[in-house]
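The values are calculated or read from the model by the stated rules, or taken from the named source; none is laboratory data. Remember, predicted model here, so these are calculated numbers, not experimental data. Cβ placement follows ideal geometry from the backbone for every residue including glycine, while neighbour counts extend to all protein chains displayed. Please note that ligands, DNA and RNA were not included when accessible areas were found on the heavy atoms of the full protein model with its side chains. Shrake-Rupley method; radii C 1.70, N 1.55, O 1.52, S 1.80 Å.
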Amino acid sequence: MAQPTMSDEAVILLGALENQRGHVLGILDGLGEDDLHRPVLPSGWSCLGLVHHLALDVEHFWFRRVMAGHTDVEVPPLHDAWRIDPDLPADQVLELYRRETERASAVITNTPLGAAPAWWPEDLFGTWRLHDLRQILIHVITETACHAGHLDAARELIDGRRWLVLT
């Protein structure tokens, strides 16, 4: 069976998302278990909690649930992924993120940009709606970039490291 051919626009959008995913993992590279679990802001979120949120509330939710319609997969209630068990090893959360991004990329690769979501959480967003994969991709790129920026600030607070600083 032939692999679907992605449009130039889809390749560009997926590339932009992959760049942000790389930023998320790259800014955390070298942090130890304690620093990844440590609450950084008064709200109590940690770098690892944010990655867990990106894995489940963003990658899994938007691509596997909304676009592909896989609503039978059990995940924590939406917006609860920020809270993680303090004993959960960091490598498990980072691997979860990698797996979910791979699964999401498979959905993106095999779905036309104009395809409508297979499922929509009517009770969650009121009248707000994203109508196709293109809009969902742009939304996820924006959300991932925003959270990559949060991780930049957190990393600088933890040990002073900054992402892609040119000196």
> Of all residues in segment 1-29, how many are in a loop (DSSP other than H, G, I, E, B) and over 20 Å from ARG99 (Cα atoms)?
Replying inline: 7
> List, please: which pairs have Cβ atoms under 8 Å, are six or more places apart or on different chains, and start with a residue in segment 76-91 that is among the charged types (D, E, K, R) and end with one that is open to solvent by less than 100 Å² (accessible area, probe 1.4 Å) and modelled with pLDDT of 90 or more?
Replying inline: ARG83/GLY49
>> Going by what's in this entry, would ILE108 be described as modelled with pLDDT of 95 or more and buried (at least 17 other Cβ atoms within 10 Å of the Cβ)?
In response: yes
> For LEU151, are the conditions met, namely being open to solvent by less than 30 Å² (accessible area, probe 1.4 Å), of a type in the set (A, V, I, L, M, F, W, C), touching a residue at least 60 places away in the same chain (Cβ under 8 Å) and farther than 27 Å from SER43 by Cα?
Replying inline: no
> Can you find a residue in segment 114-130 that is farther than 23 Å from HIS52 by Cα, small (Gly, Ala, Ser) and open to solvent by less than 30 Å² (accessible area, probe 1.4 Å)?
Replying inline: yes
> Residues in segment 84-102: is at least one modelled with pLDDT under 95, under 16 Å from HIS147 (Cβ atoms) and either loosely packed, with under 15 Cβ neighbours inside 10 Å or out of contact with any Cys (no Cβ under 9 Å at 6 or more places or on another chain) (or both)?
Replying inline: yes
>> Within segment 36-151, considering only helices (runs of 4 or more DSSP H) that don't extend past its boundaries, which have at least 1 residues that are polar (S, T, N, Q) and closer than 20 Å to LEU25 by Cα?
In response: 90-109
>> Tell me yes or no: at least one residue of segment 23-38 is at positive phi and either of a type in the set (D, E, K, R) or modelled with pLDDT of 95 or more (or both).
In response: yes
